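The values are calculated or read from the model by the stated rules, or taken from the named source; none is laboratory data. Keep in mind that what you see is a predicted model, and the values were worked out from it rather than measured. Here the Cβ positions follow ideal geometry from the backbone for every residue, glycine too, while neighbour counts run over all protein chains shown.
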Amino acid sequence: GKTGPIKELSSRAIVAHDFMEVTDYSDALSLSKYVICQLALDDEPFMKSVAGICDRSKFFGSALETWTRIFFENEDLEEMDAALFVVLDGIQDKIDEFINIFQKFTKRGFGKRVRILLTGTSETFQKIHQAGGIKVEKIVLKHNNRRDLEAYVKLRMNQMDILKETNRPGVNQIRREITDSLVESTEGDYYQVNRVLDNIAKTDDVEEIRSHLESAGSTLSEQLEAEIESINRTRTNKEIKEINELIKWVDSASLLLSPEALEGALELGLGGGSSSSLMSLRAKIETKYTIFKMTGNLIEFKNYEIREKIPNKDTSISSELQVLDSQQITPGEVKIIRHYLSTVCPEELYQKFKFEEFFESKLVREGVYIHQDLDNVQVMLALRCLRCLVEPRNEKTEMMLEYSQHALLKHLVAADRSLADRQLLEELGVMLVRLFSEGYATDSLLGLNGGEEKSSRVKFDSYNYQRPIAWIDWILRDDAVNELARWFNDSAVIKRVKDHPLVASFKQDGADRVSVLLGEAMKRAAKDIFQRDTLKYDTLMAYLLISSIFCKKTDQSPFQVWEPQINMFHLVEDYARTVIEGPVDEIIWDAYAADLLIYLDGDGMSAMALERAKKA
């Protein structure tokens, strides 16, 4: 039963947002799924609730139906000690699709549990008013905000060591100069104000401060271009490579990631020896990688418009050359100075002044510059996910496991194979075959053999033994198998693996493609049940895997596995005997069978467990 009415206050706040200029979802249904996915990934109880609804509903035909099932008719929300915030920015072109959702939202009185924050033009809110039946509170944004801007600038200056001590000579004067200049030149543009203040915070030179103030009046586009150019000139090759890898993840990952997860992502993309820096990624974002910012514990672009200024790989060389002028230091000039200094300076003194690092920062790099790779980015991220699943993980890359499990398919679907580099496609084909033919890899994808007993998971049911999220696509639905069929029909993808038994079997007419892909996982699961001394949790997850696949093949409800039946136990055991090769120790087999029957605790299973235990 329910534990009580909705509480006035919630201990957790879960936030999902959509910025239409960034995501550009074509309809309200896609947008709704996007924000619901964010909420689910951010809160485990809500994820379990949504997963259960999706298992029962299978298909949502409209945005209204989606909101109705997930929010309006979801009784689990009453028990969740959480407030859900949904931020919708720039949906004025699609407001008509949301009117009926907002009306039902108001009618149901969901304001205490789910809150919607909406931005729009005056026409947007006029339509909402004309529709009727929608309760909305508005805050009108105006240009006349000088006092707010002055207060913000003052707050920032009070946090800077060079400006917070107002009793020191000259400090009050430069503070007034900063405030007046920013208020007048930026016209209240927060990004420009913040960028200039960030730069001022990094210097203690008055003339440099004034130089930053002079740049405040330039257009946002000019500022962003200057920032990218500055990073290209001042950061090392290794740092530029890290920035380019971050651009891929921040721009094209299915969700924003934490610094800790992205440190694992950098290792997946660049290798463990890519950087010897002791500085954390969080610190680099704050001090070096200035095109990004921290929002809570997530990394994103400091300004979404900066993506438009990052050149694509094909054009970035010419764009880089355009910044050269008569004052640009050339490699030849660096060579002359390096020779001179290394000749006249003792080696110890030469190293002490770090001349080599200085020369490297002054050179225009060949092939190492800030850029995007739009043709290949989805294939590259899919490869990163595959490496996380297939290769042994360390403490850093383990942080990317959950993302790789749920996002691999998304990147495969989003990739355009016709534009992608053929070598990348060949590598991806090899990794896909390894994913489904190597035990460690299949365990990683399907969340098996966790190696840790969950003491609270006593009863075998859908709450205590939640299916891993990857099972939805790879087992319960046909989406992943159908997508793999498209990839394995690409000659570039299978060039190096076309003779592999898995590929040959998968491409046969009438093949049971689920069994081909998951055959290795099912075989390992069978051994976990009847031959290996595994933890109770791992034994039950192995049983759940095989029985879920059997339910899928016979069009049975996936929820049947939570009501253990003797006939399903026999199916699993019979399957295990067909796939486990070599001699079998029947005593051990019966002992493990008895354990499984006790764990399942279905009708008639206790007596059967006792019988099998006596045989053992």
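Of the residues ALA504, ALA480, which single one is within 22 Å of LEU424 (Cα to Cα), in contact with a Phe, Trp or Tyr (Cβ under 8 Å, 6 or more places away or on another chain) and modelled with pLDDT of 90 or more?
Criteria check complete, one pass: ALA480.
In the same structural domain as LYS527 (by TED's automatic domain parsing) and more than 30 Å from GLY52 (Cβ to Cβ): which single residue out of ALA609, ALA591 fits that description?
On the way: ALA609 fails: more than 30 Å from GLY52 (Cβ to Cβ).
Of ALA609, ALA591, the one residue that is in the same structural domain as LYS527 (by TED's automatic domain parsing) and more than 30 Å from GLY52 (Cβ to Cβ) is ALA591.
Considering every residue within segment 27-41, establish whether at least one is among the aromatic types (Phe, Trp, Tyr), modelled with pLDDT of 65 or more and within 24 Å of LYS410 (Cβ to Cβ). So that I can check it myself, show each step before the final result.
Quick first cut of segment 27-41, residues among the aromatic types (Phe, Trp, Tyr) only: 34.
This time we only want the ones that are modelled with pLDDT of 65 or more, so: 34.
If we keep only those that are within 24 Å of LYS410 (Cβ to Cβ) as well, we get 34.
So far as segment 27-41 goes, yes, one or more of its residues are among the aromatic types (Phe, Trp, Tyr), modelled with pLDDT of 65 or more and within 24 Å of LYS410 (Cβ to Cβ).
Name the pairs: first residue in segment 75-101 and among the basic types (Lys, Arg), second residue part of a helix (DSSP H, G or I), Cβ to Cβ under 9 Å, at least 6 apart or on different chains? Short answer, once both residue conditions are applied: LYS94/MET20; LYS94/ALA28; LYS94/LEU31. Taking the criterion of being under 18 Å from ASP251 (Cβ atoms) and outside any loop (DSSP other than H, G, I, E, B), the residues of segment 409-420 that qualify are LYS410, HIS411, LEU412, VAL413, ALA414. Within segment 256-271, the set of residues being touching a helix residue (DSSP H, G or I) at 6+ places or on another chain (Cβ under 9 Å) and either surrounded by fewer than 17 Cβ atoms within 10 Å (Cβ to Cβ) or outside the structural domain of THR236 (by TED's automatic domain parsing) (or both) comprises SER258, GLU260, LEU270.
In a helix (DSSP H, G or I) and of a type in the set (Ser, Thr, Tyr): is that true of SER211 in this structure? Before you say what the answer is, go through the steps one by one.
Details: in a helix (DSSP H, G or I): yes; of a type in the set (Ser, Thr, Tyr): yes.
Answer is yes for this residue.
May I ask you to verify whether SER57 is crowded, with 17+ Cβ neighbours inside 10 Å and of a type in the set (Ser, Thr, Tyr)? When the stated conditions are applied, SER57 does not pass them.
Considering only segment 97-110, I want to know if a residue exists there that is surrounded by fewer than 19 Cβ atoms within 10 Å (Cβ to Cβ) and not in a helix (DSSP H, G or I). Yes, segment 97-110 contains at least one residue that is surrounded by fewer than 19 Cβ atoms within 10 Å (Cβ to Cβ) and not in a helix (DSSP H, G or I).
Scanning for something within 30 Å of THR397 (Cβ to Cβ), outside any helix (DSSP H, G or I) and either at pLDDT below 90 or not aromatic (Phe, Trp, Tyr) (or both), does segment 314-334 turn up at least one residue? It would help to see each step written out before you state the result.
Just the residues of segment 314-334 that are within 30 Å of THR397 (Cβ to Cβ), to begin with: 316.
Now narrow it down to the ones that are outside any helix (DSSP H, G or I): none.
The answer is no; no qualifying residue exists.
Remark: pairs (first residue in segment 528-541, outside the structural domain of ALA591 (by TED's automatic domain parsing) and touching a residue at least 12 places away in the same chain (Cβ under 8 Å); second residue hydroxyl-bearing (Ser, Thr, Tyr) and part of a helix (DSSP H, G or I); Cβ separation under 6 Å; 6+ apart in sequence or on different chains) are absent.
Residues in segment 77-115 that are under 16 Å from PHE46 (Cβ atoms), touching a helix residue (DSSP H, G or I) at 6+ places or on another chain (Cβ under 8 Å) and at pLDDT 85 or above: LEU84, VAL86.
Just so you know, in segment 42-61 the residues that are outside any helix (DSSP H, G or I) and within 20 Å of ASP27 (Cβ to Cβ) include one that is modelled with the lowest pLDDT, and it is LYS58. Evaluated against (1) farther than 26 Å from THR287 by Cβ; (2) outside the structural domain of ASP96 (by TED's automatic domain parsing); (3) assigned to a helix (DSSP H, G or I), GLU137 falls short on exactly one condition, (3). For residues that are surrounded by fewer than 18 Cβ atoms within 10 Å (Cβ to Cβ) and part of a helix (DSSP H, G or I), tally how many sit in segment 168-178. Going through segment 168-178 one residue at a time, the tally reaches 6. Residues of segment 280-306 being under 18 Å from the mean Cα position of the chain (by Cα), in a helix (DSSP H, G or I) and farther than 11 Å from ILE243 by Cα, which ones? If the condition is that a residue be under 18 Å from the mean Cα position of the chain (by Cα), in a helix (DSSP H, G or I) and farther than 11 Å from ILE243 by Cα, then ARG282 is the only one that fits. Among the residues that make up segment 533-551, is at least one of them surrounded by 15 or more Cβ atoms within 10 Å (Cβ to Cβ) and basic (Lys, Arg)? Scanning segment 533-551, I find at least one residue that is surrounded by 15 or more Cβ atoms within 10 Å (Cβ to Cβ) and basic (Lys, Arg), so the answer is yes.
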